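The values are calculated or read from the model by the stated rules, or taken from the named source; none is laboratory data. Just so it is clear, the model here is predicted, and its values are computed rather than measured. Methodologically, a virtual Cβ is constructed for each residue, glycine included, from the backbone with ideal geometry; neighbour enumeration extends over all protein chains shown.
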Amino acid sequence: MNLLIKNGRVIDPSQKIDDTLDVLVENGLVKEIGKGLAAPAGVETIDAAGTYVVPGLIDMHVHLRDPGLEYKEDIISGTKAAAAGGFTSVCCMPNTKPVTDNKTVASYIINKAKAEGFCNVFPVGSITYGLSGERMAEMGELKESGCVAVSDDGKPVDNSELMMRSLQYAAGIGIMVISHAEELELVGDGVMNEGFTSTELGLKGIPRVAEDIATARETMLAEYAGVPIHIAHVSTKGSVRIIREAKARGVKVTCETAPHYFSLTDDAVRGYNTSAKMNPPLREAEDVAAIKEGLNDGTIDAIATDHAPHHQDEKDVEFNVAMNGIIGLETSLPLSLVLVDEGVLTLKQLIEKMSCNPSDILGLNRATLRTGAIADITLIDPKLEWIVEADKLASKSKNSPWLGKKMKGAAVATIVGGKLVFKR
């Protein structure tokens, strides 16, 4: 498919472009960017007036649940939700059944995504076999099979010696380690953030320091070994401070947060709302403020959804036994655009955190509209208002705290490799 995108506000941080321009796409690649481009014969024209035309959004942290947990989500429904949210690429975590700890599972994910998916899918392999935290997986094999990072996401690697060796080995073969930073002994049987709200609701709390201690350990291991590390789903003011200070010392640490950590506090749990139950848990107002400050000053490199679909039967239960996690692919963009309205981020910075930085951190070679680049492009209408309705979400699961809420801003077209895969 050949396309000419006309009259959009093109924002491409990789080229320092922010101007009303046209973008010509031919044979899956960006052919030309300029003003007043004419459409060659047989080229479909998209009028992008009033929209932002940006490098395709990249979500570096999703759970597609495929293979093995397809009743929650699968590669087809998950990538359809991603495309509807404006994402041209997603990186899927390894806590599938079986775990993505070998070439067979990684190849299955890649092949199914290529055959039936609506966006690019880059698998993340596990650090340890079976997410056991006991024996390092064959990272070289995982990288060769197409994995772009390794993580035991959902579980921390408790053994510090094993974690350091994993960091060293991964650095040696050029693959990123993504850490789930959590001290399980402090988490115990906690189910939400420890604080006033947990006390009032009579729910066992998880102290912030459970994340902070683990974040400190990871940055210290990376510093000692002189190798990179990426910290997933940062949620506390302490973690932001620790990472900021580590970066100032020259530690090769990057990190991400998720929209729910700068949009909600643990007050959302009131009423024992299981759609607000996640791990790490929603924190307090001072943490939200620190997350925004970290985004503003560059401490936090990326915004990722941690899209975690669950079946209704796993959420419509007592709070203590409900599964952790919410869906986020279709609400991430409007929630993140609020940061621009609030002056926390500029549009350029938002695109960097939702496209350029994830690509750079994981070496995806995407997130640019340069001539000759793969034509992964997102068109965003920042003024479009819509309601989050369960029956209109592409995801199989509907576990979102924003059901029934009004959103402002949405992807109106998503182009993957020159192919229009979503149009609102």
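Would you tally the residues in segment 202-222 being assigned to a loop (DSSP other than H, G, I, E, B) and buried (at least 17 other Cβ atoms within 10 Å of the Cβ)?
Of the residues in that region, 3 qualify.
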Just checking: which of the helices (runs of 4 or more DSSP H) contained wholly in segment 316-424 hold 1 or more residues that are modelled with pLDDT of 95 or more and basic (Lys, Arg)?
347-351
Count of residues meeting criterion [over 10 Å from Ile291 (Cβ atoms) and touching a residue at least 60 places away in the same chain (Cβ under 8 Å)] in segment 231-258
4
Of the residues that make up segment 119-128, is at least one modelled with pLDDT of 95 or more and at positive phi?
no
Apart from one, (1) buried (at least 16 other Cβ atoms within 10 Å of the Cβ); (2) under 25 Å from the mean Cα position of the chain (by Cα) all hold for Gly195; the odd one out is (2)
Within segment 247-297, how many residues turn out to be outside any helix (DSSP H, G or I), in contact with a Ser or Thr (Cβ under 7 Å, 6 or more places away or on another chain) and acidic (Asp, Glu)?
1
Right, Ala373: of a type in the set (Gly, Ala, Ser), closer than 30 Å to His311 by Cα and surrounded by fewer than 23 Cβ atoms within 10 Å (Cβ to Cβ) or not?
no
Among the residues of segment 296-353, which ones are farther than 20 Å from Ala367 by Cα, of a type in the set (Ser, Thr, Tyr) and out of contact with any strand residue (DSSP E or B) (no Cβ under 9 Å at 6 or more places or on another chain)?
none
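From the list Met163, Met93, pick out the single residue that is farther than 24 Å from Ser332 by Cα, surrounded by 19 or more Cβ atoms within 10 Å (Cβ to Cβ) and not hydroxyl-bearing (Ser, Thr, Tyr).
After ruling out the rest, the residue left standing is Met163.
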Taking the options Lys103, Lys114, Lys143, Lys97, name whichever one is out of contact with any His (no Cβ under 6 Å at 6 or more places or on another chain), free of Cβ contacts under 8 Å to residues at least 12 places away in the same chain and among the basic types (Lys, Arg).
Lys114
Hey, among Phe118, Phe122, which residue is out of contact with any Phe, Trp or Tyr (no Cβ under 8 Å at 6 or more places or on another chain) and of a type in the set (Phe, Trp, Tyr)?
Phe122
Looking at segment 15-25, is at least one residue surrounded by 24 or more Cβ atoms within 10 Å (Cβ to Cβ) and within 30 Å of Val234 (Cβ to Cβ)?
no
Of (1) in contact with a strand residue (DSSP E or B) (Cβ under 9 Å, 6 or more places away or on another chain); (2) more than 26 Å from Ala149 (Cβ to Cβ), Phe196 satisfies all except one. Which?
(1)
